[in-house]
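What follows is a set of notes on a single structure, which appears directly below.
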Amino acid sequence: MEKKVLDMLKELQPTYDFEEGVDFIEQGYLDSFDVVTLISELEQAFSVSVSALDIVPENFASVKSICDLVRRSTKVHF
């Protein structure tokens, strides 16, 4: 799952290195439009439904936090 999420991020913002250990939101790698687009892609790719309550910066700060969000948003574990 991590590779697929990383590929999605690279497609959204190809100029950034999402493998770095930075906070994607805090460092400006992702803006609100990117997050909305990413949520749509995650929901489609992993057949999940992301709750509006989960759309907070800390859930989009790293590949790990995004994968954790996907795992929490489904009953199927990847």
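The values are calculated or read from the model by the stated rules, or taken from the named source; none is laboratory data. What you are looking at is a predicted structure, and each value in this text was computed from that prediction instead of being measured. Every residue, glycine among them, receives a Cβ derived from its backbone with ideal geometry; neighbour counts consider all protein chains shown. Protein only, heavy atoms only, side chains kept; ligands, DNA and RNA dropped before computing areas. Shrake-Rupley method; radii C 1.70, N 1.55, O 1.52, S 1.80 Å.
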- prompt: List, please: which pairs have Cβ atoms under 6 Å, are six or more places apart or on different chains, and start with a residue in the stretch 55-73 that is farther than 12 Å from D23 by Cβ and end with one that is among the polar types (S, T, N, Q)?
  reply: L69/N59
query: With respect to F18, is the statement that it is part of a helix (DSSP H, G or I) and among the aromatic types (F, W, Y) true?
result: no
message: Name the residue that is nearest to R72 (Cα to Cα), counting only residues in the stretch 21-37 that are without any contact (Cβ under 8 Å) to a residue 12 or more places away in the chain and part of a helix (DSSP H, G or I).
response: V36
- prompt: Counting only residues that are in a helix (DSSP H, G or I) and open to solvent by 80 Å² or more (accessible area, probe 1.4 Å), how many does the stretch 38-78 have?
  reply: 6
query: Taking only pairs six or more apart or across chains, which ones have beta-carbon atoms under 8 Å, a first residue in the stretch 1-13 that is free of Cβ contacts under 8 Å to residues at least 40 places away in the same chain, and a second residue that is part of a helix (DSSP H, G or I)?
result: M8/L38; M8/E41; M8/L42; M8/A45; L12/D34; L12/T37; L12/L38; Q13/D34
task: Working only within the stretch 1-26, note down all residues that are open to solvent by 80 Å² or more (accessible area, probe 1.4 Å) and within 14 Å of I39 (Cα to Cα).
output: K4, E11
- request: Please find, among V56, V70, V35, V76, the residue that is at pLDDT 95 or above and farther than 18 Å from L12 by Cβ.
  value: V56
